[in-house]
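Trainee: Sharing a structure below in structure tokens format, with a few things to ask.
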């Protein structure tokens with residue numbers, strides 16, 4: 001019963017209002033009809049009647065139809081007004097019901113629209129959340145791969161660094177051994193050279209070169225007695241002369257040129273009696289005998 005009242009209370013109130021309206025219209029019609037009735041006449045009234053009048057009254061009188069017709073007309077008009085008012089009340093009730101129905105439909109449509117908007121909003125938020133989670137997973141995966149790549153590169157660099165340090169240590173050890181070996185060889189060569197020089201082999205080697213240069217010298221007419229020139233010679237290990245330069249010399253230009261030509265013709269120069277006495281750059285004293 002309570003559920004019925006909650007669901008149809010609007011219709012019940014409308015029906016009650018319609019009944020009250022009909023009751024009011026009916027009461028108003030009764031009041032109007034009573035108000036229009038002719039005033040009542042006294043049942044007993046003493047009058048002085050003319051016999052002729054009594055005689056006419058005793059005879060049947062024609063009925064007054066005009067008043068009856070007027071009353072019938074008024075009754076019909078009142079009935080028509082009641083029906084019209086009833087129809088108008090019903091129309092008002094129907095209009096009110098339709099308005100209420102439209103209002104309920106509008107409210108329902110609005111409620112459905114709001115629910116649809118809410119669902120769309122929730123779906124959009126859900127999609128946004130899913131997309132955010134997907135992006136977060138993608139970013140986490142990217143960072144994981146980047147970290148793995150960084151660690152891989154770091155490991156490669158570490159290994160390369162260790163390999164470079166190992167190679168450098170090996171190279172340094174080899175260089176050290178080579179330096180020590182070269183130093184030993186240099187010391188041995190210097191010691192042997194010193195021994196060879198002490199034995200007079202260096203002077204003998206220089207004398208052999210000077211002698212060969214003198215033998216290849218074509219004395220120019222301008223050469224005078226007491227000629228002495230310092231000559232720088234650059235040679236290869238096999239004695240091939242690469243360069244000749246006259247430093248101090250008491251001869252003229254023709255003498256200088258003749259000495260240079262003599263050194264070049266003496267190429268290859270004699271080898272040293274001891275290989276340790278070899279000098280790439282030699283300083284010769286060109287001093288021919290008279």
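The values are calculated or read from the model by the stated rules, or taken from the named source; none is laboratory data. Just so you know, these numbers come straight off a predicted model, no measurement behind them. Note: ideal-geometry Cβ built from the backbone for every residue, glycine included; neighbour counts use all protein chains shown.
Trainee: The conditions are (1) exposed (fewer than 13 other Cβ atoms within 10 Å of the Cβ); (2) free of Cβ contacts under 8 Å to residues at least 24 places away in the same chain; (3) more than 30 Å from residue 185 (Cα to Cα); (4) in contact with a strand residue (DSSP E or B) (Cβ under 8 Å, 6 or more places away or on another chain), and residue 242 fails exactly one of them. Which is it?
Mentor: (3)
Here's the yes/no breakdown for (1) at pLDDT below 90; (2) on the phi < 0 side of the Ramachandran plot; (3) in a helix (DSSP H, G or I); (4) assigned by TED's automatic domain parsing to the domain that holds residue 15:
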{"site": "98", "(1), (2), (3), (4)": "no, yes, yes, yes"}
{"site": "130", "(1), (2), (3), (4)": "no, yes, yes, yes"}
{"site": "140", "(1), (2), (3), (4)": "no, yes, yes, yes"}
{"site": "144", "(1), (2), (3), (4)": "no, yes, yes, yes"}
{"site": "149", "(1), (2), (3), (4)": "no, yes, yes, yes"}
{"site": "154", "(1), (2), (3), (4)": "no, yes, yes, yes"}
{"site": "164", "(1), (2), (3), (4)": "no, yes, yes, no"}
{"site": "179", "(1), (2), (3), (4)": "yes, yes, yes, no"}
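Trainee: Testing residue 193 on (1) in a helix (DSSP H, G or I); (2) at pLDDT 90 or above; (3) within 30 Å of residue 288 (Cα to Cα), one condition comes back false. Which one is that?
Mentor: (2)
Residue by residue, here is whether (1) in a helix (DSSP H, G or I); (2) at pLDDT 90 or above holds:
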| site | (1), (2) |
| --- | --- |
| 220 | no, yes |
| 224 | no, no |
| 233 | no, yes |
| 259 | yes, yes |
| 290 | no, no |
